[in-house]
1. Taking 0.36 nm per residue of separation and subtracting the Cα-Cα distance, what length does fully extending residue 476 through residue 78 add?
2. Please state the Cα pair-distance histogram of region 127-269 with 10 angstrom bins from zero: what percent is in each bin?
3. How big is the gap, in Å, between the Cα center of region 363-403 and the Cα center of region 446-486?
4. Ignoring solvent entirely, what values of log10 I(q)/I(0) come out of the Debye formula for region 283-491 at 0.09 Å⁻¹ when each Cα is a single scatterer?
5. Relative to the present Cα-Cα distance, how much length would full extension add between residue 255 and residue 65 at 0.36 nm per residue of separation?
6. Which order do 332, 74, 90 fall in if you start with the one that has the fewest other Cβ atoms within 10 Å?
7. Whole percent per 5 Å bin, from 0 to the bin with the longest distance: what is P(r) over all C-alpha pairs of region 416-478?
8. Two decimals is fine: what's Rg over Rh for region 199-314, C-alpha atoms, Kirkwood radius as Rh?
Ligand code: NAI
Ligand code: CS2
């Protein structure tokens, strides 16, 4: 085992970035780029204050106890790892609901930090559902109880959009220039979607504030890529063999990519020197990654889970899944992409299969399967929409969609029960209860989900029949045969 260990930089002392969503990915991606930048330049303007708006306060308190230092183990493979000590986070805050049922333990501190003129950038990884947007239309879910609470009490916000609106209201009132908002979640056009969530919520509260936000606040988009699985007991045990005992550690692949629209009116770190690609338009990169990488991940997640396969590595170790991903990426996703001439999509597809086969990552399919209603529009359904219009192959997406529909029943094909983790879980499970064994009615009901299905996809009788045929193949013959039967289907 080759282990390289890199110590943290000195404290910056100045916090220039606030992050919302202190999760594994933030600690393994944005914070690592900043750590490398500070180590190399000594620039002391860009310390990070990271806040958790959900989940427990345990990670926040554990980071505080550790002096905000934690470790990132970057595995090239099971024999080569770089362990970095990260010191870029200099403050950790919790604004969610505590064990006592109270919300907002550190909300005042977070809002003060956001109102501080030294804070010039806010980054977010709050998951696709954290923006409270209709996945298909991009409209704010104003009827959601969390959004309703922020409308009723704007000065004690609980959601990411609510916190951003209140912080920007305070800056506007104080004559302080706004910070730049940089979304780092897996959504298409993620900067504009964040802008819409914030502006639509502000509009309900104060139209003039919404106008000011739309005119003065920068919301650049970014494409983020690094596979960062949720930690397992085996991961902590593996780190212990490397001499790292750290409850806040994260494990990830060595690969990392960040493509960012260069629109930071109040300035930014010189990320370019750390391998961050600064561009005018991130869309080609973001669309390619969401459809090729994340679309493949979701195929594995639902079809693998139905077959009781546990991890990405386990699934891609099986030839049928490898063949499925190759066909999906090269014959369904790639033809929908408009990428720079220098990008070889076949080579990109091969690189993704190699990354999925990293034998040191235990990336659970159940984690990827989470929040399918928020993920599938940008991962598969846009692919299907374009291919249906062009008369191209849609068999892989049809099989994946059939897998997702069956997955939302909450049992594997062998009948083992699991929890469906999705903001729409209750509604999706109810469709199964309502339609029972009438699979044609069930598939028809899923095609009627306006928040998920684009109109042209929902109206395609050919595609609906393809999904129904795939659903029957899965439930009557199993995942392996259903994948094998794809070979009998080709582009029409
Ligand atoms: P995680 O589970 O470690 O962290 C999720 C974070 O989101 C937590 O801080 C949680 O409190 C917060 N959150 C969840 N629901 C929320 C809500 N409704 N409002 C506000 N905050 C909420 O997950 P991880 O790995 O950090 O991933 C987070 C996001 O990062 C993903 O959803 C994705 O958009 C992006 N990402 C993740 C990658 C990965 O491989 N883990 C890679 C590329 C992007
Ligand atoms: C995964 C992503 O959980 C999921 O939905 O597909 O988090 C994936 O690991 C990252 O986008 C890789 O960059």
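1. Additional length available on full extension: 139.4 nm.
2. 11, 33, 28, 19, 9, 1
3. Measuring centre to centre over Cα atoms gives 10 Å.
4. One equal scatterer on each Cα of region 283-491 leads to -0.30.
5. Numbers: separation 190, 0.36 × 190 = 68.40 nm, distance 2.98 nm.
65.4 nm is the gain from fully extending residue 255 to residue 65.
6. Exposure proxy ranking, most exposed first: 90, 74, 332.
7. 4, 16, 23, 25, 23, 8, 2
8. Numbers: Rg = 19.9 Å, Rh = 18.1 Å.
Rounded to two decimals, Rg/Rh equals 1.10.
Read the figures in this text as sums done on the coordinates, not as results from a lab. Note that the structure is predicted; figures quoted are calculated from it, not measured. All Cβ positions, even for glycine, are placed from backbone atoms using ideal geometry, and neighbour counts span all protein chains on display.
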